[in-house]
Amino acid sequence: RILIIDYGSQYSQLIARRVREAGVFCEMYPYDIDTSRIEEFGAKGVILSGGPESVHDENSPKINQALFDLNVPILGICYGMQAMADHFGGKVQASDVHEFGAATIEITGSSTLLDGIEDEKQENSRLHVWMSHGDKVVEAPQGFEVVASTPSCPIAVMVNEDKKYYGLQFHPEVTHTLQGDVLLSRFVHQICDCAGSWTPDNIIDMRVEQLKEQIGDKQVLLGLSGGVDSSVVAALLHKAIGDQLTCVFVDNGLLRLHEGDQVMQVFAENMGVKVVRVDAEDCFLTALAGESEPEAKRKIIGKTFIDVFSDAARDISQGSDGKPVEFLAQGTIYPDVIESAKSHQGKAHVIKSHHNVGGLPDDLQFELVEPLRDLFKDEVRKLGIALGLPHKMIYRHPFPGPGLGVRILGEVKKEYADILRQADAIFMQELEKSGWYEKTAQAFAVFTPVKSVGVVGDGRRYAWVIALRAVETIDFMTARFAHLPYDLIETVSNRIMNEIADVSRVTYDVSSKPPATIEWE
Ligand code: XMP
């Protein structure tokens, strides 16, 4: 396993992802992690991330001596390299000017890290890399040899082969560094001697053992939403503890067409998981009646969910056979853990609120089970596939917690939800058929409480307007409306208007985020 020390670079998480992709387990901790935890971790190698600071700043983070005392290979990236140079008496030149972007380094010396890795060869081998730094090392410390350079950065790579210390001024973790994955793989496999055993099947075996040990013969409760994370937790727990797991699936009446039935089919019928389906449609629709303000609707849905879930949990936790439920399972994943650790400066770990069935009443006290806490989303997906969950469920577009509640503009009514479900299903079918489902990050229909005139045969139709929304995005923070082919939009629009009598018009949303958001509410 590899220990990654985070000095605050925007790319730090990518380092962890690349190492995991190389089949090696790693964890990332803030630079001020306790010495005892460094020692306990059992690292076979350490990677020091980049960071925004300058080693010349008074309070800039230093490298904990305990990391060197581990006597394992160390790879310093950007700030990590500068801090390592500074630690061993090299010279770092402060600079206000930022070098940012693609660069080509020339390899001028031999090293275990770079030998045989090249993008092109002129006189020497060259690598196309991504630079993003202000300061740079201008004098390598004693014992280090300079093995690569660029015209503006003479010390692009420095190595101390005796100690197995390596410093890179560029970022191997970003894909713009073409051989970055090869280089990181070389570091973790050859130099640190880590086996590539971090595979879905191995992860499942290890997790199952850990869960058995943690839970013993106790009972576990899980709120199953049908989303990727809770689904994978359900499958994993079922494999580990079978019938000791009870899932609660709350059907709030704001789900997509047949969604509740599909969740029941996959888990209860096919896998034999104990799932209690709580039909709470009336409860949610009654609570929402008369409310049209989006944030108020979100709050009502959130609160109703807690109430319904708590009631079910209370019933179940009393235990039918006299065994109370002691554990609550959650689908917390690694990015949530890293983000909350960052926002608390590494001091506390708090579970992101949307992952937490927060606000459970005091009389319901559970110990948490979070088997995905150290996994990235793509790893969770691979686990899901390896556990036999349907591809469609695992690679589904994200669906907001409040569901159709925020896709029916204004007041929510069952009549509207039924129309929207049908329109949305038609849109999804056509996206899948045309191959566009996978090319968009999120797509859905929106019910607008607007009536418009249409003509059917010789008659007039005065009915609702449905909007279609499809976006391309990586991080959901910014998004571009998907440039769907007109033919596809036409097919969807015709089907919706022909198959749903209550819809007289279909529009396509051409807004990007910002300034619009992805959802309409
Ligand atoms: P917006 O509409 O803010 O959405 O551009 C960004 C992403 O977040 C999802 N979303 C939500 N997810 N509860 C959720 O669990 C919510 O209240 C909520 N609102 C938006 C949205 O679907 C998109 O993926």
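Condition check for Cys194 on (1) within 27 Å of Gly401 (Cα to Cα); (2) buried (at least 20 other Cβ atoms within 10 Å of the Cβ); (3) in contact with a Gly (Cβ under 8 Å, 6 or more places away or on another chain): one failure, at (1). For region 91-101, the criterion of being assigned by TED's automatic domain parsing to the domain that holds Gly76, crowded, with 16+ Cβ neighbours inside 10 Å and in contact with an Asp or Glu (Cβ under 6 Å, 6 or more places away or on another chain) is met by at least one residue. Screening Gly457 with (1) loosely packed, with under 12 Cβ neighbours inside 10 Å; (2) within 16 Å of the ligand (Cβ to nearest atom); (3) at pLDDT below 95 gives one miss only, at (2).
Those helices (runs of 4 or more DSSP H) of region 190-293 in which at least 3 residues are more than 25 Å from Gly23 (Cβ to Cβ), considering only elements entirely within it, cover 228-241, 259-264, 281-288. Mind checking whether some residue in region 319-327 is modelled with pLDDT under 75, outside any helix (DSSP H, G or I) and within 30 Å of Phe447 (Cα to Cα)? For region 319-327, residues modelled with pLDDT under 75, outside any helix (DSSP H, G or I) and within 30 Å of Phe447 (Cα to Cα): absent.
Among the residues of region 282-324, which ones are within 30 Å of the chain's Cα centre (by Cα) and away from the ligand (no atom under 16 Å from the Cβ)?
Initial filter on region 282-324 (within 30 Å of the chain's Cα centre (by Cα)): 284, 293-310, 312-313.
Of everything in region 282-324, those that are within 30 Å of the chain's Cα centre (by Cα) and away from the ligand (no atom under 16 Å from the Cβ) turn out to be Asp307, Val308, Ser310, Ala312, Ala313.
One line per residue, one yes/no per condition, for (1) more than 30 Å from Lys414 (Cα to Cα); (2) surrounded by fewer than 19 Cβ atoms within 10 Å (Cβ to Cβ); (3) not basic (Lys, Arg):
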| site | (1), (2), (3) |
| --- | --- |
| Val232 | yes, no, yes |
| Leu237 | yes, no, yes |
| Gly242 | yes, yes, yes |
| Thr246 | no, no, yes |
| Phe249 | no, no, yes |
| Arg256 | no, no, no |
| Gln265 | no, yes, yes |
| Ala268 | no, yes, yes |
| Val276 | no, yes, yes |
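Which of the following residues is at pLDDT 95 or above and on the phi > 0 side of the Ramachandran plot: Gly8, Gly42? That would be Gly42, the only listed residue that is at pLDDT 95 or above and on the phi > 0 side of the Ramachandran plot. Within region 466-486, restricting attention to residues that are near the ligand (Cβ under 10 Å from one of its atoms) and in a loop (DSSP other than H, G, I, E, B), which residue is nearest to the chain's Cα centre (by Cα)? Applying the filter and picking the extreme gives Asp475. Only residues that are of a type in the set (D, E, K, R), within 29 Å of the chain's Cα centre (by Cα) and in a loop (DSSP other than H, G, I, E, B): list them for region 415-458, please. Matches in region 415-458: Glu438, Lys439.
The values are calculated or read from the model by the stated rules, or taken from the named source; none is laboratory data. A quick note: this is a predicted structure, and the numbers were derived from the prediction, not measured. All Cβ positions, glycine included, derive from the backbone under ideal geometry; neighbour counts span all protein chains shown.
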